[in-house]
Amino acid sequence: MINSFYLVTLLPLLGFIINGLFGKKLKNEKLIGAISTLAVFIPFLLGVFTLLELSSLEPESRKILITYYNWISAGSFSVNYSYLIDPLSISLVLVVTGIGSLIHLYSIGYMHGDPGFGKFFSFLNLFIFAMLNLILADNFLLVFLGWEGVGLCSYFLIGFWYEKKFTGDAAKKAFIVNRIGDFGFMLAMFYIFTNFNTLEISKFLEGLSSFQVGDPLLLVIALLLFLGATGKSAQIPLFVWLPDAMAGPTPVSALIHAATMVTAGVYLVARTSLLYALSPVALSVVFAIGLLTALMAGTIALKQNDIKKILAYSTVSQLGFMFMALGTGAYWVAIFHLITHAFFKALLFLGSGSVIHGMHEEQDITKMGGLKNKMKVTFITFFIGSLAISGIPPLSGFFSKDEILYKTFTNIGIPFYAVGLITAAITAFYMFRLIALTFYGKPRYDEKHVHPHESPSTMTLPLVILAFLSITGGLIGLPHFTGLPNLLEHWLEPVFKNAQSVLISIHPESEHSTAVELFLVVLSVAIASASVIYSFRKFSKQEKFEPESGIGKVLENKYYVDEAYDTLIVNPIQKTSSNFLWKIFDIKIIDGAVNGIAKYISNISFDWRKLQTGVIQDYTTISVAGVIIIIVYLLFI
């Protein structure tokens, strides 16, 4: 399978080319959808076979480098187009292609009848191609190519319905905010090449062995890379783009903003885990930003009424949990939550799309209600996803989130564990507020004009598969107190071995008895369950909704972060650009200089043009005078 691994990225690229060039000519939605879906599903199968081949090797040998050609060579700078296949990269390949193929299948029903059907699927395939390059790249430059590729595709897909102004604004916002993080990534690459004379990730990590823990250079590189991660993974202060990105089609929200692109920052930190292990300050920053983001986004979700906005802020919050895991040094736990989150959050986003489809594009949950019996498959699968994200056992989210809380308790401290526990309870509360207002109670929509209905099988089949994965996905990372093997931790151990060795040498892990671990599990489950029950009872029969006030108004308006950014950053830049850069520097200085030179030349030309009288006697006189001047010059000067 290794010999044919190039098909993993080539097929999505071919799908993009075929649908991009011939999508309008094919005029067959099922054919277009089949081409795009197979272009992602076949790489998933290849990924499965590659994983089996990799697992047959000894743990220390599970690292295969495939170099296709020399990409750039200039002096001492040389970069190959090469892929690194190891437990981390192949695990994410399976997530991207597996979840991606289900979302492609779902999109066939969701995008039915859209005039841009072929273009939409071509963009989806291009995104998969870029994301796979990001994951598999053996050097930072190729990672950056995929990094920028997913950003570009995100721009295309968020603004896909470009005739609506707000989608274009959301796409531009996502693109611009991500450029801030990308600038940090580029600076990090410059530092790495200047000091390590390479952009290959493996050589860079090998070069770290000569540095001491806490070296200032490593801190700078780690923080710059993390700046890039905060942009892609929507962490404070660059999280504002992701909720607005819900303006795009729902499959886009599921694929890009739940299961794949937004996890790129988590992957980047995990891939360079040794760098962060050697930079305790950077690791603390990662944890602090993750914790604050998880809490802030979770509280905002409490007062949102747009079904997709609730899930968007939930995504930001769950990404915060992943960075909390990274900040505790539990790198494999972050990847564990990344995988389980891909299952249940893709399910929830696709479920919300099914609700919106059945409700004739209505997204306000205060205008829904009573959909449980009219959309049974959507309801059951959405309910399963909500249980998973709430951390209710034995669903997948319980195992990964509980492991994050346990690592926080063990490696960071009780106060931070308490904040994480509260944030987890908030997650359960807003998710079952969503469940109660959407599927329970009396209908709050106009039953004469709105007729909710179940979605077609192309949309419900992916929901069923994702619901199954949301139930069983946690089995790959069973906690130690069960006495059963933790498959994912063992699988990823070779990738994070060096980083873990450094962390243990700095701060030996505290040992806790099984009784303590069990107590923490029971505590988290009890609090999550209480939050679920309270939320359901509070909202399942609610029929009237009063305008928010006080702290509720603040949460509804997202802490006024967008307004603050507009006041402090956007508006001053716009005014500076308009009043100084354009009206003064551009018009008066640059245009003034260019126009002034042109006017000066024009005036001189006008004066010299007077010499051209058209009278032959004048020309003869001038010629004779010129000859006389030359003779005098030669004779006397």
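The values are calculated or read from the model by the stated rules, or taken from the named source; none is laboratory data. Note that the structure is a prediction, hence the values are computed from the model and not measured. For neighbour counting, all protein chains shown are included, and Cβ atoms are generated from backbone atoms with ideal geometry for every residue, glycine included. When the accessible area is computed, the model is the full protein with side chains, heavy atoms only, and any ligands, DNA or RNA have been set aside. Shrake-Rupley method; radii C 1.70, N 1.55, O 1.52, S 1.80 Å.
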Where L134, L21 fall by accessible area, highest first, once all protein chains stay in place (1.4 Å): L21, L134
Probe radius 1.4 Å, ligands and nucleic acids left out: which of F416, F321, F183, F144 has the largest accessible area, and how do the rest follow? F183, F416, F144, F321
Please compute the per residue accessible area over the chain with all protein chains in place, 1.4 Å probe, rounded to a whole number of Å². 43 Å²
Rh by Kirkwood over Cα pairs, then Stokes-Einstein D for the chain at 1.567 mPa s and 4 °C, µm²/s: 49 µm²/s
Between the Cα axis of helix 307-327 and the main Cα principal axis of the chain, the angle (0 to 90°, nearest 10) is 90 degrees
Which value, in Å² and to the nearest 10, is the accessible area of I504 when all protein chains are kept and the probe is 1.4 Å? 90 Å²
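Loop only per DSSP, at most 15 neighbouring Cβ atoms within 10 Å: give me the trypsin sites (Lys or Arg not before Pro) in the stretch 80-189, ordered by residue number. Working shown, then result.
Numbers: sites: K119, K164, K165, K172, K173, R179; in loops: K164.
Sites meeting the loop and neighbour criteria: K164.
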Helix axis angle, 514-539 relative to the chain longest principal axis, alpha carbon, degrees: 80 degrees
J(HN,Hα) series, the stretch 65-81, from Karplus relation 6.51 cos²θ - 1.76 cosθ + 1.60, nearest Hz, glycine and proline x: 9, 10, 9, 8, 6, 7, 7, 9, 9, 8, x, 7, 8, 9, 9, 9, 8
Determine the relative contact order of the stretch 34-151: mean sequence separation of Cα pairs under 8 Å and six or more apart, normalised by residue count, in whole percent. 28 percent
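Ignoring ligands, DNA and RNA, what percent of the accessible area of the chain is carbon or sulfur (1.4 Å)? Show your work: numbers first, answer last.
Numbers: 18610 of 27650 Å².
Carbon plus sulfur share of accessible area: 67 percent.
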In whole Hz, with x marking every Gly and Pro, tabulate ³J(HN,Hα) for the stretch 614-621 from phi via Karplus 6.51 cos²θ - 1.76 cosθ + 1.60, θ = phi - 60°. x, 9, 5, 4, 4, 5, 5, 4
17 Å Cα-Cα reach of K558 towards lysines, excluding residues that sit fewer than 8 places from it in its own chain: K173, K303, K308, K309
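Report the chymotrypsin sites (Phe, Trp or Tyr not before Pro) located in the stretch 537-567 that are in a DSSP loop and have at most 16 other Cβ atoms inside 10 Å of their Cβ, or state none. Kindly include the intermediate steps, with their values, before the conclusion.
Values: sites: F539, F545, Y559, Y560, Y565; in loops: F545.
Loop-located and lightly packed - F545.
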Distance in nm between label sites at S578 and S202, each 7 Å beyond Cα in the beta-carbon direction? 5.5 nm
Amide H partners (placed H, <5 Å) of S233, local residues excluded: G265
Any idea of E206's accessible area? Nearest 10 Å², probe 1.4 Å. 120 Å²
Once phi for every residue in the stretch 575-583 is put through the Karplus expression 6.51 cos²θ - 1.76 cosθ + 1.60 (θ = phi - 60°), the whole-Hz ³J(HN,Hα) values, with Gly and Pro written as x, are 5, 4, 5, 6, 7, 9, 4, 8, 5
Given the C-alpha centroids of the stretch 454-509 and the stretch 144-182, what is the distance between them in whole angstrom? 30 Å
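If contacts are Cα pairs under 8 angstrom and at least 6 residues apart, what is the relative contact order of the chain in percent? Working shown, then result.
Numbers: 977 pairs, mean separation 76.1, N = 637.
Relative contact order comes out at 12 percent.
Counting only DSSP beta bridges with both residues in the chain, tell me the antiparallel percent, nearest 5. Display every interim value, and only then the final one.
Values: 12 of 12 bridges.
The antiparallel fraction comes to roughly 100 percent.
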Compute the long axis of helix 376-390 from its Cα atoms, compare it with the longest principal axis of the Cα atoms of the chain, and write down the angle in degrees, 0 to 90, nearest 10. 90 degrees
With all protein chains present, calculate the accessible area of Y191 using a 1.4 Å probe and round the result to the nearest 10 Å². 100 Å²
In terms of the alpha carbon gyration tensor, root eigenvalues a ≥ b ≥ c, rounded if a/c is under 1.5 and otherwise prolate when a/b exceeds b/c or oblate, the stretch 86-168 is oblate
Interchain or long-range residues, amide H under 5 Å from L371's placed H: F439, Y440
Output the relative contact order of the stretch 134-237, whole-number percent, from Cα pairs under 8 angstrom with separation of 6+ residues. 29 percent
Mind checking which lysines have their C-alpha under 25 Å from K30, skipping anything on the same chain fewer than 8 residues away? K119
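Starting from the residue with the highest accessible area, list H112, H357, H451, H341 in decreasing order, probe 1.4 Å. Before the final figure, lay out each step's value.
Working: H112 135, H357 50, H451 105, H341 0 Å².
Largest accessible area first, the residues go H112, H451, H357, H341.
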